[in-house]
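First up is the structure itself, then whatever we jot down about it.
The values are calculated or read from the model by the stated rules, or taken from the named source; none is laboratory data. Since the model is a prediction, treat every value here as computed from it, not as a measurement. Note that each Cβ is placed from the backbone with ideal geometry, even for glycine, and that neighbours are counted across all protein chains shown. Only protein heavy atoms, including side chains, enter the accessible area calculation; ligands, DNA and RNA are left aside. Shrake-Rupley method; radii C 1.70, N 1.55, O 1.52, S 1.80 Å.
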Amino acid sequence: MKPALSTIIADIVAQMGEATDRGKVADYIPELAKVDPARFAIAIATADGDLLTGGDADTGFSIQSVSKVFALTLALGKVGDQLWDRVGREPSGNAFNSIVQLEREQGIPRNPFINAGAIVVSDVNLGGHQPRVAIGEMLRFMRYLSGDDSIAINEDVAASETATGFRNMALANYMRAFGNVRHPVDLVLGTYFHQCAIEMNCRQLALAGRYLMLDGRHPDGGRVVSPSRARRINALMLTCGHYDASGDFAFRVGIPGKSGVGGGILAIVPGRASIAVWSPGLNDSGNSCLGTQALELLARRTGWSVFSPPEEGD
Ligand code: GLU
(Lines give C-alpha, C1' and ligand atoms only; values in the text may rest on other atoms or scores of the structure.)
Protein backbone atom coordinates (compact mmCIF):
# COMPACT_ATOMS: atom_id res chain seq x y z
CA MET A 1 0.00 0.00 0.00
CA LYS A 2 1.22 3.50 -0.82
CA PRO A 3 2.04 5.65 2.23
CA ALA A 4 -0.34 8.54 2.93
CA LEU A 5 0.69 11.90 1.49
CA SER A 6 0.93 13.31 5.03
CA THR A 7 3.51 10.60 5.89
CA ILE A 8 5.53 11.41 2.78
CA ILE A 9 5.48 15.13 3.67
CA ALA A 10 6.60 14.41 7.24
CA ASP A 11 9.45 12.22 5.94
CA ILE A 12 10.57 14.91 3.50
CA VAL A 13 10.52 17.62 6.19
CA ALA A 14 12.57 15.38 8.49
CA GLN A 15 15.08 14.57 5.77
CA MET A 16 15.46 18.22 4.73
CA GLY A 17 15.96 19.17 8.37
CA GLU A 18 19.06 16.98 8.44
CA ALA A 19 20.58 18.27 5.19
CA THR A 20 24.02 19.78 5.64
CA ASP A 21 24.40 21.33 2.17
CA ARG A 22 21.57 23.84 2.00
CA GLY A 23 22.95 25.97 -0.88
CA LYS A 24 23.61 29.69 -0.77
CA VAL A 25 21.05 32.44 -0.24
CA ALA A 26 20.86 34.94 -3.15
CA ASP A 27 22.70 38.10 -2.19
CA TYR A 28 22.64 40.11 -5.43
CA ILE A 29 19.36 41.58 -4.16
CA PRO A 30 20.61 42.79 -0.75
CA GLU A 31 17.26 42.36 0.99
CA LEU A 32 17.13 38.64 0.05
CA ALA A 33 20.52 38.01 1.69
CA LYS A 34 18.90 38.54 5.10
CA VAL A 35 16.76 35.38 4.92
CA ASP A 36 17.62 32.43 7.21
CA PRO A 37 18.96 29.50 5.12
CA ALA A 38 17.71 26.98 7.69
CA ARG A 39 14.13 27.41 6.52
CA PHE A 40 12.22 24.73 4.63
CA ALA A 41 8.54 24.51 3.76
CA ILE A 42 6.21 22.49 1.59
CA ALA A 43 2.49 22.73 0.81
CA ILE A 44 0.44 20.51 -1.48
CA ALA A 45 -3.04 21.44 -2.73
CA THR A 46 -4.65 18.33 -4.19
CA ALA A 47 -7.29 18.03 -6.89
CA ASP A 48 -9.63 16.61 -4.20
CA GLY A 49 -9.52 19.95 -2.40
CA ASP A 50 -7.13 19.04 0.42
CA LEU A 51 -4.23 21.20 1.52
CA LEU A 52 -1.34 19.46 3.29
CA THR A 53 1.62 21.35 4.67
CA GLY A 54 4.96 20.74 6.36
CA GLY A 55 7.78 22.86 7.81
CA ASP A 56 7.57 26.66 7.69
CA ALA A 57 4.52 26.68 5.40
CA ASP A 58 3.12 29.86 7.00
CA THR A 59 6.31 31.89 6.63
CA GLY A 60 6.21 34.41 3.78
CA PHE A 61 9.04 34.67 1.26
CA SER A 62 9.76 36.66 -1.87
CA ILE A 63 8.24 34.73 -4.76
CA GLN A 64 10.58 36.45 -7.27
CA SER A 65 10.54 34.57 -10.59
CA VAL A 66 7.68 32.30 -9.61
CA SER A 67 5.59 35.44 -10.29
CA LYS A 68 6.49 35.05 -13.98
CA VAL A 69 3.96 32.22 -14.32
CA PHE A 70 1.12 34.43 -13.12
CA ALA A 71 2.29 37.51 -15.05
CA LEU A 72 2.41 35.36 -18.21
CA THR A 73 -1.14 34.17 -17.54
CA LEU A 74 -2.32 37.79 -17.30
CA ALA A 75 -0.43 38.87 -20.43
CA LEU A 76 -1.88 35.99 -22.48
CA GLY A 77 -5.31 37.10 -21.29
CA LYS A 78 -4.62 40.58 -22.65
CA VAL A 79 -2.97 39.93 -26.02
CA GLY A 80 -3.43 36.18 -26.56
CA ASP A 81 -1.09 34.46 -28.96
CA GLN A 82 0.26 37.79 -30.25
CA LEU A 83 2.55 37.61 -27.25
CA TRP A 84 4.57 34.97 -29.12
CA ASP A 85 5.59 37.57 -31.73
CA ARG A 86 7.59 39.25 -28.98
CA VAL A 87 8.75 36.34 -26.78
CA GLY A 88 9.93 32.84 -27.76
CA ARG A 89 9.05 29.47 -26.30
CA GLU A 90 12.40 27.73 -26.23
CA PRO A 91 14.66 26.90 -23.30
CA SER A 92 17.43 29.47 -23.12
CA GLY A 93 20.41 27.33 -22.15
CA ASN A 94 21.74 30.52 -20.57
CA ALA A 95 21.66 32.16 -17.17
CA PHE A 96 18.37 33.80 -16.19
CA ASN A 97 19.79 37.29 -16.66
CA SER A 98 21.96 36.76 -19.75
CA ILE A 99 22.23 39.57 -22.28
CA VAL A 100 24.35 37.74 -24.89
CA GLN A 101 21.52 35.77 -26.46
CA LEU A 102 19.40 38.90 -26.85
CA GLU A 103 21.96 40.48 -29.14
CA ARG A 104 22.06 37.44 -31.41
CA GLU A 105 18.28 37.15 -31.45
CA GLN A 106 17.42 40.79 -32.16
CA GLY A 107 15.86 41.66 -28.82
CA ILE A 108 13.37 38.76 -28.80
CA PRO A 109 13.87 36.84 -25.52
CA ARG A 110 13.94 33.07 -25.69
CA ASN A 111 11.01 32.50 -23.31
CA PRO A 112 8.79 34.34 -20.80
CA PHE A 113 10.57 32.85 -17.76
CA ILE A 114 14.03 34.33 -18.23
CA ASN A 115 14.32 37.92 -17.03
CA ALA A 116 14.29 39.48 -20.51
CA GLY A 117 11.11 37.58 -21.41
CA ALA A 118 9.43 38.51 -18.15
CA ILE A 119 10.31 42.17 -18.71
CA VAL A 120 8.51 42.04 -22.09
CA VAL A 121 5.56 40.40 -20.30
CA SER A 122 5.57 43.30 -17.80
CA ASP A 123 5.58 45.72 -20.74
CA VAL A 124 2.43 43.99 -22.05
CA ASN A 125 0.78 43.98 -18.62
CA LEU A 126 1.51 47.68 -18.20
CA GLY A 127 -0.74 48.29 -21.21
CA GLY A 128 -0.47 52.08 -21.24
CA HIS A 129 -1.26 52.42 -17.52
CA GLN A 130 0.81 53.52 -14.56
CA PRO A 131 2.75 50.72 -12.80
CA ARG A 132 0.47 50.93 -9.76
CA VAL A 133 -2.51 49.88 -11.94
CA ALA A 134 -0.67 46.85 -13.37
CA ILE A 135 0.74 45.92 -9.95
CA GLY A 136 -2.71 46.26 -8.39
CA GLU A 137 -4.13 43.95 -11.05
CA MET A 138 -1.43 41.38 -10.39
CA LEU A 139 -2.02 41.48 -6.62
CA ARG A 140 -5.78 41.09 -7.08
CA PHE A 141 -5.11 38.11 -9.35
CA MET A 142 -2.88 36.41 -6.77
CA ARG A 143 -5.42 37.05 -4.00
CA TYR A 144 -8.25 35.64 -6.13
CA LEU A 145 -6.29 32.53 -7.11
CA SER A 146 -5.29 31.69 -3.57
CA GLY A 147 -8.48 32.97 -1.93
CA ASP A 148 -6.39 35.07 0.43
CA ASP A 149 -6.64 38.86 0.61
CA SER A 150 -3.65 39.22 2.89
CA ILE A 151 -1.10 38.72 0.07
CA ALA A 152 1.03 41.85 -0.32
CA ILE A 153 4.23 43.24 -1.78
CA ASN A 154 7.35 43.49 0.33
CA GLU A 155 8.29 47.10 -0.40
CA ASP A 156 11.79 46.68 1.07
CA VAL A 157 12.55 43.93 -1.45
CA ALA A 158 11.14 46.01 -4.32
CA ALA A 159 13.21 49.02 -3.24
CA SER A 160 16.32 46.86 -2.83
CA GLU A 161 16.01 45.54 -6.38
CA THR A 162 15.16 48.95 -7.82
CA ALA A 163 18.39 50.27 -6.31
CA THR A 164 20.58 47.42 -7.56
CA GLY A 165 18.90 45.93 -10.65
CA PHE A 166 21.45 47.20 -13.15
CA ARG A 167 21.42 44.07 -15.25
CA ASN A 168 17.65 44.13 -15.61
CA MET A 169 17.92 47.82 -16.53
CA ALA A 170 20.43 46.88 -19.22
CA LEU A 171 18.17 44.11 -20.55
CA ALA A 172 15.14 46.42 -20.67
CA ASN A 173 17.04 49.26 -22.34
CA TYR A 174 18.50 46.84 -24.84
CA MET A 175 15.09 45.51 -25.79
CA ARG A 176 13.73 49.03 -25.95
CA ALA A 177 16.38 49.74 -28.59
CA PHE A 178 14.86 46.89 -30.64
CA GLY A 179 11.32 48.21 -30.04
CA ASN A 180 10.42 45.13 -27.99
CA VAL A 181 9.91 47.20 -24.84
CA ARG A 182 7.39 49.92 -25.64
CA HIS A 183 6.82 51.81 -22.39
CA PRO A 184 9.48 53.87 -20.61
CA VAL A 185 11.98 51.47 -19.08
CA ASP A 186 11.59 52.76 -15.51
CA LEU A 187 7.84 52.11 -15.60
CA VAL A 188 8.29 48.60 -17.01
CA LEU A 189 10.92 47.74 -14.41
CA GLY A 190 8.83 49.28 -11.63
CA THR A 191 6.10 46.82 -12.60
CA TYR A 192 8.54 43.91 -12.90
CA PHE A 193 10.38 44.53 -9.62
CA HIS A 194 7.15 44.87 -7.65
CA GLN A 195 5.71 41.71 -9.16
CA CYS A 196 8.87 39.82 -8.12
CA ALA A 197 8.62 41.33 -4.61
CA ILE A 198 5.21 39.79 -3.90
CA GLU A 199 5.50 37.91 -0.63
CA MET A 200 3.63 34.65 -0.13
CA ASN A 201 3.95 31.53 1.97
CA CYS A 202 3.90 27.98 0.62
CA ARG A 203 0.27 27.49 1.61
CA GLN A 204 -0.80 30.55 -0.45
CA LEU A 205 1.43 29.65 -3.40
CA ALA A 206 0.16 26.06 -3.65
CA LEU A 207 -3.41 27.39 -3.60
CA ALA A 208 -2.60 30.00 -6.26
CA GLY A 209 -1.32 27.28 -8.63
CA ARG A 210 -4.51 25.20 -8.52
CA TYR A 211 -5.84 26.49 -11.86
CA LEU A 212 -2.83 24.93 -13.57
CA MET A 213 -3.55 21.56 -11.97
CA LEU A 214 -7.26 21.85 -12.87
CA ASP A 215 -6.85 22.45 -16.61
CA GLY A 216 -7.44 26.19 -16.26
CA ARG A 217 -10.32 26.20 -13.76
CA HIS A 218 -10.39 27.93 -10.37
CA PRO A 219 -11.70 25.50 -7.74
CA ASP A 220 -14.66 27.90 -7.29
CA GLY A 221 -15.74 26.86 -10.80
CA GLY A 222 -14.59 30.03 -12.60
CA ARG A 223 -12.40 29.68 -15.65
CA VAL A 224 -9.00 31.35 -15.31
CA VAL A 225 -7.61 30.16 -18.68
CA SER A 226 -8.72 27.68 -21.33
CA PRO A 227 -7.58 24.06 -20.97
CA SER A 228 -5.16 24.40 -23.87
CA ARG A 229 -3.61 27.52 -22.36
CA ALA A 230 -3.17 25.82 -18.98
CA ARG A 231 -1.44 22.90 -20.70
CA ARG A 232 0.84 25.23 -22.60
CA ILE A 233 1.82 27.17 -19.50
CA ASN A 234 2.65 23.84 -17.84
CA ALA A 235 4.68 22.85 -20.91
CA LEU A 236 6.67 26.07 -20.65
CA MET A 237 7.25 25.47 -16.94
CA LEU A 238 8.63 22.01 -17.71
CA THR A 239 10.91 23.17 -20.52
CA CYS A 240 11.92 26.65 -19.30
CA GLY A 241 11.00 26.96 -15.61
CA HIS A 242 14.46 26.41 -14.12
CA TYR A 243 16.70 28.64 -16.23
CA ASP A 244 19.50 26.65 -17.84
CA ALA A 245 18.91 23.79 -15.41
CA SER A 246 15.42 23.15 -16.81
CA GLY A 247 16.52 19.95 -18.52
CA ASP A 248 18.06 18.66 -15.31
CA PHE A 249 14.92 19.47 -13.32
CA ALA A 250 12.75 17.63 -15.88
CA PHE A 251 15.17 14.70 -15.72
CA ARG A 252 15.28 14.52 -11.93
CA VAL A 253 11.74 15.52 -11.01
CA GLY A 254 9.63 15.18 -14.17
CA ILE A 255 7.05 17.77 -13.09
CA PRO A 256 6.44 21.26 -14.56
CA GLY A 257 7.96 23.76 -12.15
CA LYS A 258 8.96 27.40 -11.85
CA SER A 259 11.64 28.51 -9.44
CA GLY A 260 12.60 31.91 -8.06
CA VAL A 261 15.77 33.26 -6.47
CA GLY A 262 13.86 33.72 -3.21
CA GLY A 263 14.10 29.91 -2.95
CA GLY A 264 10.49 29.10 -3.86
CA ILE A 265 9.35 26.60 -6.48
CA LEU A 266 5.80 26.09 -7.74
CA ALA A 267 5.31 22.63 -9.28
CA ILE A 268 2.19 21.38 -11.01
CA VAL A 269 1.07 17.78 -11.40
CA PRO A 270 -1.82 18.10 -13.85
CA GLY A 271 -5.03 16.60 -12.48
CA ARG A 272 -3.42 15.84 -9.13
CA ALA A 273 -1.55 18.48 -7.22
CA SER A 274 -0.26 22.03 -7.00
CA ILE A 275 2.89 22.02 -4.90
CA ALA A 276 4.89 24.86 -3.36
CA VAL A 277 8.27 24.32 -1.75
CA TRP A 278 10.59 26.88 -0.24
CA SER A 279 14.10 26.88 1.07
CA PRO A 280 16.19 30.00 0.48
CA GLY A 281 19.58 28.39 -0.20
CA LEU A 282 20.20 28.08 -3.94
CA ASN A 283 22.26 25.59 -5.91
CA ASP A 284 24.77 26.62 -8.59
CA SER A 285 22.01 27.12 -11.18
CA GLY A 286 20.12 29.55 -8.91
CA ASN A 287 17.35 27.12 -8.00
CA SER A 288 16.40 26.18 -4.45
CA CYS A 289 18.77 23.44 -3.35
CA LEU A 290 16.50 21.68 -0.84
CA GLY A 291 13.36 22.64 -2.77
CA THR A 292 14.62 20.70 -5.78
CA GLN A 293 15.67 17.73 -3.62
CA ALA A 294 12.29 17.72 -1.87
CA LEU A 295 10.41 17.67 -5.18
CA GLU A 296 12.63 14.87 -6.44
CA LEU A 297 11.82 12.81 -3.35
CA LEU A 298 8.14 13.64 -3.58
CA ALA A 299 7.94 12.64 -7.25
CA ARG A 300 9.72 9.38 -6.51
CA ARG A 301 7.53 8.46 -3.53
CA THR A 302 4.21 9.45 -5.15
CA GLY A 303 4.91 8.41 -8.75
CA TRP A 304 3.80 11.91 -9.79
CA SER A 305 6.28 12.43 -12.62
CA VAL A 306 4.24 13.45 -15.65
CA PHE A 307 6.08 10.66 -17.47
CA SER A 308 4.69 7.96 -15.15
CA PRO A 309 1.95 5.82 -16.66
CA PRO A 310 -1.47 6.38 -15.06
CA GLU A 311 -2.21 4.02 -12.20
CA GLU A 312 -5.09 1.65 -12.22
CA GLY A 313 -8.23 3.48 -11.17
CA ASP A 314 -6.86 6.84 -12.30
N1 GLU B 1 13.74 39.78 -9.52
C2 GLU B 1 14.77 38.84 -9.83
C3 GLU B 1 15.67 39.39 -10.92
O4 GLU B 1 15.18 39.96 -11.84
C5 GLU B 1 14.13 37.57 -10.26
C6 GLU B 1 15.11 36.54 -10.62
C7 GLU B 1 14.64 35.17 -10.31
O8 GLU B 1 13.90 34.89 -9.38
O9 GLU B 1 15.04 34.31 -11.07
O10 GLU B 1 16.85 39.29 -10.88
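Below, the figures for the structure above:
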{"item": "Single match in Leu52, Leu102, Leu76 (criterion: under 22 Å from Arg231 (Cα atoms), buried (at least 19 other Cβ atoms within 10 Å of the Cβ) and away from the ligand (no atom under 14 Å from the Cβ))", "result": "Leu76"}
{"item": "Filter result (open to solvent by 40 Å² or more (accessible area, probe 1.4 Å) and of a type outside the set (Ser, Thr, Tyr)) within segment 297-312", "result": "Arg300, Arg301, Val306, Phe307, Pro309, Pro310, Glu311, Glu312"}
{"item": "Members of segment 23-49 that are touching a residue at least 12 places away in the same chain (Cβ under 8 Å) and open to solvent by 40 Å² or more (accessible area, probe 1.4 Å)", "result": "Lys24, Tyr28, Pro30, Glu31, Val35, Asp36, Pro37, Ala38, Arg39, Ala47, Gly49"}
{"item": "Flag if Ala250 is within 12 Å of the ligand (Cβ to nearest atom) and open to solvent by 10 Å² or more (accessible area, probe 1.4 Å)", "result": "no"}
{"item": "Residue in segment 105-120 that is farthest from the ligand (Cβ to nearest atom), counting only those that are open to solvent by less than 10 Å² (accessible area, probe 1.4 Å) and among the hydrophobic types (A, V, I, L, M, F, W, C)", "result": "Val120"}
{"item": "One residue from Asp156, Asp123, Asp148 being surrounded by fewer than 21 Cβ atoms within 10 Å (Cβ to Cβ), at pLDDT 95 or above and within 15 Å of the ligand (Cβ to nearest atom)", "result": "Asp156"}
{"item": "Test result for Gly263, more than 21 Å from Arg231 (Cβ to Cβ) and out of contact with any Leu (no Cβ under 9 Å at 6 or more places or on another chain)", "result": "no"}
{"item": "Tyr243, sole failed condition from (1) buried (at least 22 other Cβ atoms within 10 Å of the Cβ); (2) modelled with pLDDT of 95 or more", "result": "(2)"}
{"item": "Condition check for Leu139: modelled with pLDDT of 95 or more, in contact with a His (Cβ under 7 Å, 6 or more places away or on another chain) and either away from the ligand (no atom under 16 Å from the Cβ) or open to solvent by less than 30 Å² (accessible area, probe 1.4 Å) (or both)", "result": "no"}
{"item": "Single residue of segment 194-213 satisfying the filter (within 14 Å of the ligand (Cβ to nearest atom) and crowded, with 24+ Cβ neighbours inside 10 Å) that is farthest from Val66 (Cα to Cα)", "result": "His194"}
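Okay, residues lined up against (1) assigned to a strand (DSSP E or B); (2) away from the ligand (no atom under 16 Å from the Cβ); (3) open to solvent by less than 10 Å² (accessible area, probe 1.4 Å); (4) out of contact with any helix residue (DSSP H, G or I) (no Cβ under 9 Å at 6 or more places or on another chain):
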site	(1), (2), (3), (4)
Gly221	no, yes, no, yes
Ala235	no, yes, no, yes
Gly254	no, yes, yes, no
Leu266	yes, no, yes, no
Gly271	no, yes, no, no
Ile275	yes, yes, yes, no
Gly286	no, no, no, no
Leu295	no, yes, yes, no
